[in-house]
Structures are given as structure tokens and as C-alpha cells.
Amino acid sequence: MSISMLMLIMAQAAQPAVASPCDGASAAGRHCAAAIATARPVERARLLYDRAAALNEQGDAAAALLDLDRALVVDPANRAARRERAYSRDLLGDFAGARTDLDRALALGGGNAVLFKERAVALHGLGDVAGAVADRTRVIAATPWDAVALAERGAEYLWLGRFAEAQADLDHADRLAGDDETRARVAEIRARLAEWRDDAAGDAAAACRAAGKARHYGTPHLVATCSAAFFAATAPAERATLLDIRARAWSAGGDADNARADWQMATAIAPQDARWQADLGFADVAAGQHQAAKRAFDRALAVAPDDAPALAGRAAANYSLRALRAAYVDAKRSVALSENAAAYVVLGDIANDRHDTSMASDYWLRAYRLGEHSEDLLARLQDVGIDEPDDEPDGGTLPGSDAPTV
């Protein structure tokens, strides 16, 4: 290589990287959209990936997924885009799709610690905890100094009831931890280990089921009891039932994230059960993951098309996605099958959107009389001039033709 060529390469390498028009906050801007529209195919794929990564960081996994689908049509061998799409799918609860993307990414370029880490998340969500342990072990082999990787494998060992191995990983992670966040995560898993190990003795399955049957989800140590039962169970339906009870226990304790994770695994283990699909849908709605919620309710209603709560839940998801006609149809069908507050709230919101405050207040009052006394509903009623809903007269029979025109 000539000196002049070497100098040119060095000069190019020294140039500052040009910021992508689709990075960070600029992802939502017109400049990014224009750049994507006018770019050549390979550059378009890169820009779509940049925008998707930014959208994932902002919590909009559904929009990110659309961009990554487009990017991979142009460049199907793009490992980074496949990994990012897997991340989007994990956020949306599509663990099977995430695993497919990660398997493909690994096949394209061999092992990669980041890909194995992501696949462990997908495998766990699918109920394959042993597979998740194997992938986390691959991560540790590649990065033995990673305290977080050791802690997360320790957490997986808990799911298998392998407490000694969990303890060893957590002790090692503690020695390697270099920041307060990692130490806090290790402490969280260690506390769970102590509780679950103590409850591993005795007839945990009977105790978990009894609490579930009685709806005593606030029973002390119920999460640990159901965890011990889960370790011992082998039949998929039994394991999913125990996860459902544990999810309700997490929820009763205010831990919505762990509740949602348990319902995600329950639906992966026993996808034919409409109850758990609907429970997951409601957890997704609460988490603001409306696309994921709609898919969960779709699956529930494919099994049980006359499930009034699932119809109300899908109505709420569709309303948030601005699919107003679909939301209206589901909500109307839901209350026709069984009057419920959730569907009436959606119908009130749709009426309010078209400035029909009389109809909106009537629907919302029906929700209130069915026991929905949340601050959000009370705020809606106050917005239409109703400060004392208990003093309002019964609105009588609702008209049959108040559908949205959109």
C-alpha cells in the first residue's frame, strides 16, 4: 500500500461520524421520514433500523416492528436488524417470533453474546427455562466478568429449583458487581432465593391452588408457595395454572411487571386457554402495550368468541390504537353479553370523542353504577359536569345507533 493511500485511509478514519437523521429524538421528525423516502435500498434499510432502535428506546415497540419489517425486506441478512426486531417482539410478548429472529441472526454469523442474551429472554418467555440457562451460560463463557449475566442465570436457576447453583451465581455476581444498580439486582434475586427456598418444602401445589380457588391472592408468601409448586409440576396445564395464580399474587402485591411476565409464560405453555390469554391482554393494556394486548385478546376470542371481558379488553386496546369502529363493535357486543364497566367506559370515551357529552356521561354513569369508581372515571365524569355521580338519575334505555362515523 502506498504512503498516499495509507494517509487517505487514516484521514477518512479520523473524520467524525455523520449523525443519522433518524437517531434519537430526530426519529419522529420529517427530516428522517424524507431521508427514508429518498434513500437507496441499502441506505433505506439502515435508516429504518436507526429509527426503529430509537422508537424501541422510546417505548414504541409496535412502530419499531413495522420499520424493522421493512428493513429486513430490503436486507434480510442484516443481523443487527434481526436482533432489534427480536427485542421489539420481546417487548410485545411475541417470544416465538423473537426466537425465530435470533436463531436466524445466529445462523447468519455464528455466536454472539448479545444474541444469546436476547434469546435467553425469548426462551424464558416460551417456558423453556433450561434453554434460557444454556444461553445465559454461553453469555458467561464469552464475558466471564459480567456480573449481570451471572445474576440473571442465577434467577433462571430459581425457576428450576436449583437453589445451590443460584446461590453460587449470586455470590460470584456480588464479587464482580461494580455499580449500585447491579448490586441491587443481585440483592433482589437473593431475597427471592431465600423466600422460595424456604417454601420449597411441603405441599406447595395444594396451598397455591387453595389460595387461588378462594381468590386469596394477598396471602403471605403466596408467590413463593406457587413458585415451589411450579418447580415440582411437569404437566403444561398444571404449570400454567400455577403461573396464573402466582401472577395474581404478584398483581395483588403491586408488581405488575412480574405478573405480566407470568401470564406471558402461561400463555406460551398452554396457548389454548382463553382465560390466560385474556389475563395477559389486560396486563398488556395496563402496561400501555396495546398492540400486544390486541393480539392476546384476538387469541382469547378465537377460543371463546363470547367472552364478554375479553371483548371489553379488546375494545379498550382498539380504542387506544384509534380503531374506533372496531372498539365500538366489541364494546357493544360485550355489554350485550354481560353488562360490564370496562366496555361502558370505552363506549363513553368514543361518544365523548365526537363531543356527545350526554351519551358519554350516560355510559360512564353505567360504568360507575357497576362498581367502577376509579379516579380516571371520576375525572371523566367531572369533565362533563358530574361531581356527585351517586345523585344522578338512572339514564334508562340506551339508543341502539350511536356508532362512530370513523
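The values are calculated or read from the model by the stated rules, or taken from the named source; none is laboratory data. Keep in mind that this is a model prediction, so the values were computed, not measured. Neighbour counts run over all protein chains shown; Cβ positions are idealised from the backbone, glycine included. Heads up: the accessible areas ignore ligands, DNA and RNA and are worked out on the full protein's heavy atoms, side chains in. Shrake-Rupley method; radii C 1.70, N 1.55, O 1.52, S 1.80 Å.
Some observations on this one:
- Here, P(r) means the percent of Cα pairs in each 5 Å bin from 0 to the largest distance; for the stretch 318-362 it is 5, 26, 32, 26, 10, 1.
- Loop-resident trypsin sites (Lys or Arg not before Pro) (DSSP state other than H, G, I, E or B) in the stretch 344-382 with no more than 16 further Cβ atoms inside 10 Å of their Cβ: Arg354.
- Sulfur and carbon atoms: percent of accessible area, the chain [1.4 Å]: 54 percent
- Spatially, the stretch 150-176 and the stretch 180-226 are offset by 17 Å when compared through their Cα centroids.
- With q set to 0.16 Å⁻¹, the log10 of I(q)/I(0) for the stretch 139-245, from the Debye formula over equal scatterers at the Cα positions, is -0.72.
- Å² per residue, accessible surface of the chain at 1.4 Å: 49 Å²
- Rg to Rh quotient for the stretch 175-303, alpha carbon positions, Kirkwood Rh: 1.02
- Given +1 at the Cβ of Lys and Arg, -1 at the Cβ of Asp and Glu and no other charges, the dipole of the chain around its Cα centre is 1680 debye to the nearest 20.
- Hydrodynamic estimate: the Kirkwood radius of the chain over Cα pairs, inserted into Stokes-Einstein at 10 °C and 1.306 mPa s, corresponds to D of 66 µm²/s.
- Equivalent ellipsoid semi-axes, the stretch 102-173, via Cα gyration tensor eigenvalues times 5, rooted, Å: 21, 15, 7
- In the stretch 118-192, the chymotrypsin sites (Phe, Trp or Tyr not before Pro) that fall in loop regions by DSSP, at most 11 other Cβ within 10 Å: Trp145
- Alpha-carbon Debye profile of the stretch 265-406, log10 I(q)/I(0) at 0.10, 0.20, 0.21 Å⁻¹: -0.33, -1.15, -1.24
- If you take the Cα centroid of the stretch 33-69 and the Cα centroid of the stretch 227-264, the two points sit 36 Å apart.
- Checking every one of the trypsin sites (Lys or Arg not before Pro) in the stretch 232-333 against DSSP loop status and a limit of 11 other Cβ atoms within 10 Å picks out Arg322.
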